[in-house]
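Novice: Sharing a structure below in structure tokens format, with a few things to ask.
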Amino acid sequence: MNTLSSRRTFLQSTGAAMVGGLASPLSISDDLEKVTSIAEPCEFSSLPSGFIYLNSGTEGSMPDCVLSTFQNKLQQWASNPTTSYELDAALGKHQHFNREEAARFFGVDKNNICLTDNTTMGCNMTLLGLNFRPNDKVVTTNHEHNAIKSPLQVVQERQGLKIETRSFPPAKVLRSMSSTQLLDYLFPGIPALRGAKALCVSHVYPTTGVRLPLGLLRQKADELNIPYLVVDGAQAMGMVDLGKHGDSLENCDFYAGPGHKWMNGPPGTGVLYIRNADIRPPEFYPTVSQRMSKYTDCGNDSETCFPMAEALQVRGCSNTPGFAAMLTAMKFIENAGGAAQVEKRILGLAQKVKNIILSRSPGSIISPHVDSALQSGLSAFFPFKWDKPELRYQDKKTADRVVQELMKKNIQVRSIGFANGGSSDQNSDTAYAIRVSTAYFNSADDVASFSVALQEVLKKLP
């Protein structure tokens, strides 16, 4: 089976449709391979033929056009570094051009966008920049990545920040919940949450693949009188259409995401969205910046102050060749039919993965599969004995073994650990699962090959 050929077929297509509200293995359209030519085909030729890469949740690849832009801009920088840094539109320190183009892609304004190195950088800029006071409170969850947990811990230790951590329900409950049920479970209208200064969450969770709709999160924050919605978009940017109402960036106060995962841009690239382009000290301080003086010198005249996104942007020499290549990755998405079509493609393939598990061992699935609003391109499930599907494993050793055996068959997925519950009447122990990421360069053939290989591996479990 020529998986590279299948990838190339998709890269000249707009992809397929996904049907919402999917609960059964028969509820997804199989029409994933219809093609429509695009103006400039761009292949993922660096991915080896016969190798099925299903781990974009960790790192994406790069198509040829992105690699070409990256290499050309690096060469341009090397040949004339001073002019590149001081004057070039794509490589210059203020990044007006690249920020403008990224803003256009997301449907926002240039001064809402700062280009960063990665999601962690954007989250740290945000959480270390906000003017938290002693005894201020933030609300978060027990499934957050360290990109959120680490800066919150810094503020907690330095300034006495109070952190209210909400626990996700266990997998046996989570998988069948609706978006309304889950948001009400995580963020109920209780006194402990009301009046917190920030709600700090992920858009798509790396642990379970749960996707929290940004529009519903905004409503929850407003209901709880929480002024700042801070979102880690590491597993959403490039996968989710961030321009549509339910998942628009404009629902968030701060949104940090990477260019190197689902966007398939270069490493060392990312985006931080700041809704209030005029935000300034003492409400928010420009960390990782050379421009604090632009706020101390401008007094109360906001017109002479830098926009905060630009203040954060000017921080010495950045990966400007990477930012230029990230724009090519955004153009690639537009040529593939746009963010909405790419999202449909990714979620359609992910549903095929979920259907494999649902058809054999429905009790092993972790990722939601009933409400399409909670679904993403990440599919998580517990390993199980193929011939005894009621026998499930939640230990790290078994999850790692499945990953290693699949890798021997040239299929890369990953294992992931998460708190499977956490309240007083639930098991709070860490559980380990298999996580499959279906990117837009994957194909239905890739998923079919994964299904065959998974069956062979699971049959050999003790």
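Novice: Where a Cα-Cα gap under 23 Å defines reach, which lysines qualify for LYS137, not counting those fewer than 8 residues away within the same chain?
Specialist: In chain and number order, the partners are LYS149, LYS162, LYS197, LYS220.
Novice: Fewest Cβ neighbours within 10 Å first, please rank TYR273, TYR53 accordingly.
Specialist: Sorted ascending by nearby Cβ count, the order is TYR53, TYR273.
Novice: Across all directions of projection, what mean area in square nanometres is found for the Cα convex hull of region 116-171?
Specialist: Over all viewing directions, region 116-171 projects a mean Cα-hull area of 4.2 nm².
Novice: Looking at the chain, send over the antiparallel percent of its DSSP beta bridges, to the nearest 5.
Specialist: Antiparallel bridges make up about 55 percent of those DSSP assigns within the chain.
Novice: Give the Rg (one decimal place) followed by the Dmax (whole number) of region 67-334, computed from C-alpha coordinates and expressed in Å.
Specialist: Calculated on Cα positions, Rg and Dmax stand at 18.7, 60 Å.
Novice: Starting from the Kirkwood Rh over alpha-carbon pairs, what translational D in µm² s⁻¹ does the chain have by Stokes-Einstein at 4 °C and 1.567 mPa s?
Specialist: This corresponds to a translational diffusion coefficient of 57 µm²/s.
Novice: Along each principal axis of its Cα atoms, how long is region 148-251 end to end? Whole angstroms, biggest number first, please.
Specialist: For region 148-251, the Cα extents along the three principal axes come out at 36, 28, 26 Å.
Novice: By the 4.7 Å beta carbon criterion, which cysteine residues of the chain come out unpaired?
Specialist: CYS114, CYS123, CYS200, CYS252, CYS317
Novice: On to the next question. List the residues, sorted by chain then number, that are 5 or more residues from LEU391 or on another chain and whose placed amide H is less than 5 Å from its amide H.
Specialist: Amide H neighbours of LEU391, under 5 Å, 5+ apart: LYS385.
Novice: Take every Cα pair under 8 Å in the chain that's 6+ residues apart, average their separations, divide by the length, and report that relative contact order as a whole percent.
Specialist: Reported relative contact order: 23 percent.
Novice: OK, next. Straight-line reach from LYS294: which lysines fall under 21 Å, measuring Cα to Cα and dropping same-chain residues less than 8 apart?
Specialist: Leaving aside lysines fewer than 8 places away in the same chain, those within reach of LYS294 are LYS93, LYS110.
Novice: Let me ask you something else. What is the spread of the Cα atoms of region 69-169 along each of their three principal axes, largest first, in whole Å?
Specialist: Computed over the Cα atoms, the extents are 51, 29, 24 Å.
Novice: I've got another one for you. State the Cα centre-to-centre distance between region 391-462 and region 366-388 in whole Å.
Specialist: Centre-to-centre distance over Cα atoms comes out at 10 Å.
Novice: Additional query: Under Stokes-Einstein, with the Kirkwood radius over Cα pairs standing in for Rh, what whole-number D in µm²/s applies to region 224-290 at 20 °C and 1.002 mPa s?
Specialist: 162
Novice: Enter the Cα centre distance for the pair region 234-312 and region 138-197, rounded to the nearest angstrom.
Specialist: Centre-to-centre (Cα) distance: 22 Å.
Novice: I need the chymotrypsin sites (Phe, Trp or Tyr not before Pro) found in region 354-407, filtered to DSSP loop residues with at most 15 other beta carbons within 10 Å of theirs.
Specialist: In loop regions of region 354-407 (DSSP not H, G, I, E or B), there are no sparsely surrounded chymotrypsin sites (Phe, Trp or Tyr not before Pro).
Each reported figure results from applying straightforward, stated rules to the coordinates on display, with no laboratory input. Being a predicted model, the structure only gives us computed values, none of them experimental. In this analysis, Cβ positions are derived from the backbone assuming ideal geometry, glycine residues included, and neighbour counts consider all displayed protein chains.
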